[in-house]
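Before any comments, here is the structure.
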Amino acid sequence: MARWTLALAVAIAPGALLLGACNKGDEATPAPSGASSDAAADGPLAQALDNTADLSETAKLVKAAGLDKTFGGVGSYTMFAPTNAAIAAVPEAERTALASEGGRAQLIALLGSHVSPGYMSRADLDAALERSGGTIEVASVGAAPIRVHKQGSEIRLGDGEDAPKVVGNPIVATNGVIFPIDRVLATP
């Protein structure tokens, strides 16, 4: 189990992070620059999750995976964080298994599929989607990139009409940004 934590920590270690190129060569901005319309939070990503009532279940999973120190550090991340309702929609037996010591590797993989290395503001995301015709792929620290597309005025992750969508305003942390989503992303 420690091997998985180490592998994820190495994969998202500062200096090793580069935001994956979007479709058609578009890239997102690597770091925050000045004011934005994103909601600001004090502290790093792990603390911002803890301090956001509707993301408290994701914060608990980050702690159960042992990634709170990683996301509390100096790296730069973009996290698509499931809301409490999204976590509650996962069958209870599956949630319990993921939060157990035996499910830690699967939990780390699941969380990795929700995290992209680097910082991507909502403005960066909107601009990349516009330049690419409405669909981009961003690197994740998981096994596969995250497909992001615009469906009307909504931003969705993955494919299909019921793909998870970004809800609410992004939360800016000192080491990244959190986009709340209404469903848990499936791991490949």
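The values are calculated or read from the model by the stated rules, or taken from the named source; none is laboratory data. Note that the structure is predicted; figures quoted are calculated from it, not measured. Here the Cβ is made from the backbone with ideal geometry for all residues, glycine too, and neighbour counts use every protein chain on show.
Residue pairs whose Cβ atoms lie under 6 Å apart, separated by 6 or more positions or on different chains, with the first residue in the stretch 75-96 and within 14 Å of I178 (Cβ to Cβ) and the second assigned to a helix (DSSP H, G or I) and β-branched (V, I, T), are A81/T58; P82/T58. Within the stretch 46-62, being closer than 19 Å to E92 by Cβ and not aliphatic (A, V, I, L, M) holds for S56, E57, T58, K60.
Each row is one residue, and each column tells you yes or no for (1) farther than 26 Å from D124 by Cα; (2) crowded, with 24+ Cβ neighbours inside 10 Å; (3) among the hydroxyl-bearing types (S, T, Y).
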residue: T58; (1), (2), (3): no, yes, yes
residue: G66; (1), (2), (3): yes, no, no
residue: S76; (1), (2), (3): no, no, yes
residue: T83; (1), (2), (3): no, no, yes
residue: V90; (1), (2), (3): yes, no, no
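Condition check ((1) in contact with a strand residue (DSSP E or B) (Cβ under 6 Å, 6 or more places away or on another chain); (2) farther than 17 Å from N84 by Cα; (3) not basic (K, R)) across all residues:
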position: E137; (1), (2), (3): yes, yes, yes
position: G142; (1), (2), (3): no, yes, yes
position: V148; (1), (2), (3): yes, yes, yes
position: E154; (1), (2), (3): yes, yes, yes
position: K165; (1), (2), (3): yes, no, no
position: G168; (1), (2), (3): yes, no, yes
position: N175; (1), (2), (3): no, yes, yes
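Only residues that are assigned to a helix (DSSP H, G or I) and touching a residue at least 60 places away in the same chain (Cβ under 8 Å): list them for the stretch 128-151, please. Give the steps one after another, and end with the answer.
To start, the set of residues in the stretch 128-151 that are assigned to a helix (DSSP H, G or I) comprises 128-131.
Matches in the stretch 128-151: A128, R131.
Tell me whether the stretch 151-166 contains one or more residues that are touching a Ser or Thr at 6+ places or on another chain (Cβ under 8 Å) and either buried (at least 16 other Cβ atoms within 10 Å of the Cβ) or modelled with pLDDT of 95 or more (or both). Checking the stretch 151-166: not a single residue is touching a Ser or Thr at 6+ places or on another chain (Cβ under 8 Å) and either buried (at least 16 other Cβ atoms within 10 Å of the Cβ) or modelled with pLDDT of 95 or more (or both). When the stretch 116-143 is filtered for residues that are of a type in the set (A, V, I, L, M), under 16 Å from the mean Cα position of the chain (by Cα) and either modelled with pLDDT of 95 or more or surrounded by 15 or more Cβ atoms within 10 Å (Cβ to Cβ) (or both), the ones remaining, listed by number, are M120, L125, I136, V138, A139, V141. In the stretch 40-56, the qualifying residues are those that are in contact with a Ser or Thr (Cβ under 9 Å, 6 or more places away or on another chain) and either modelled with pLDDT under 90 or over 15 Å from F179 (Cα atoms) (or both), and the one that is surrounded by the fewest Cβ atoms within 10 Å (Cβ to Cβ) is D42.
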